[in-house]
Amino acid sequence: MATKVSLRQKKISKGRNSLYLDFYPPIPHPETGEPTRREFLGIYIFEKPKSAIDKHHNIETLKIGESIRQKRENFLNKPEIYSQYEKEQLRKKELAEQCFVEYFTKLANKRKNSNHDNWVSALNYLEAFTNGSLKFGDLNPKILEDFKEYLLTTKSKRSNKTTLSQNSALSYFNKVKAALRQAYKDGILPFDLNANVKAIKAEETRREYLTIEELNRLVKTPCNNDLLKRAALFSALTGLRFSDIQKMTWGELEYINGQGYFLNFTQKKTKGVEVLPISEQAYSFINGTENPKEMPQDKLVFEGLKYSAYNNKHLFQWIGASGITKDITFHCFRHTFATLQAFENTNPVTVQKMLGHKDLKTTMIYYHIADKSKRDAVNKIKLDLT
């Protein structure tokens, strides 16, 4: 039975209709092998063209869609009229017509939690730069460099007054680079375009931390939210992120006689599987039995711990009551752990593993802060003030 291929439209955002092919009967999906009736072409027309340019765009795009439809129908019903080379060229041409922005949207929708939000933010800037449409065939190093420059000079969509920060631009551009890598793996891009484009350089930021004296003051200072206080001090003694402390269950903790406490967990941010030693002092802040296996294994260790403006108020009040004037957030307790380890000359690779950093360069930032050689150097020059 011959396969009938029809060119159809589906309404999408911003007054546009996306063009797709409708197959009857269904054909096997090229990736899953499951029967499918639809193949989106990654091109669109305006539902209600307002200008001569929009009308011309619609006419030309419909011609392209019809051309693809005809070739696809011939390919399915008369494969003998195409050589293997022609089939491959046709496949490449169809891939080049797909929309990178739509592909990026699908990748963003697969992400979860904060990572999803970051991808959506990157998508907003990509849509603004491309007007919502960019064919894979039009991707090249120049247009990616132009997008990089756009991110570094555009206004932030949150305030619309200040320029987007360099580290935010870096984060959003990295999402585009990740999408390019995935498109290469998926066979949409014929080569790894991502490898030809350099990332935006990270801007060094001040990493606020607490001294051991300040930490001890916090231990002795009452807090309106005891759960938050215990979680913060636990972070300072382990280097764990808020998200990993919040989701930690008793089943992830274990006590080994003669070795001490351990946390076996998957980092929420990086998805890395970690085994982290926990000091007895750190364990004392979680209010459990001596053996964590005696606790309900699926229950949260810091049950009720939340990140909100209300809880942040308790954090700021606690820090202020201790006499500390630094701008301290919960994440600063993780910075504190890393910086104090650097001051104690702990092996950087050990600290890297404990923090779960993929790159040692990230860990070495704390060692620049605690560089004792700088202090020794400035003390070598002394004036005779007598």
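Taken together, the values in this text are just the output of simple stated rules run on the coordinates, not laboratory data. Note that the structure is predicted; figures quoted are calculated from it, not measured. Cβ sites come from the backbone with ideal geometry, for glycine too, and all protein chains shown count toward neighbours.
Some points to look at:
- Projected onto their three principal axes, the Cα atoms of segment 212-373 cover extents of 46, 37, 29 Å, largest first.
- Within the chain: Cβ-based charge dipole about Cα centre, in debye rounded to nearest 20 (Lys, Arg +1; Asp, Glu -1): 1100
- Across all Cα pairs in segment 140-196, the calculated P(r) in 5 Å bins from zero up to the longest distance comes to 4, 19, 24, 21, 14, 9, 6, 2, 0 percent per bin.
- Reach of LYS374 by Cα under 18 Å, taken over aspartates and glutamates that are not fewer than 8 positions away in the same chain: GLU344
- Whole-number Å³ per residue for the convex hull built on Cα positions in segment 100-196: 91
- The ratio of the alpha-carbon radius of gyration of segment 12-80 to the globular-protein estimate 2.2 N^0.38 Å is 1.31.
- Size-normalised alpha-carbon gyration radius of the chain, reference 2.2 N^0.38 Å: 1.33
- Nearby lysines by direct alpha-carbon distance to LYS299 (threshold 27 angstrom, same-chain neighbours under 8 apart not counted): LYS112, LYS229, LYS247, LYS268, LYS269, LYS271, LYS313, LYS353
- The GluC sites (Glu not before Pro) of segment 23-52 that meet both conditions, a loop assignment by DSSP and at most 12 other Cβ atoms within 10 Å of the site Cβ, are GLU31.
- Reachable lysines from LYS4, criterion Cα separation under 23 angstrom, eight or more residues apart if same chain: LYS63, LYS71, LYS78, LYS87, LYS92, LYS93
- Debye, to nearest 20: dipole size of segment 177-243, +1 on Lys, Arg Cβ, -1 on Asp, Glu Cβ: 60
- Distance from segment 335-383 to segment 219-274 (C-alpha centre basis), Å: 23
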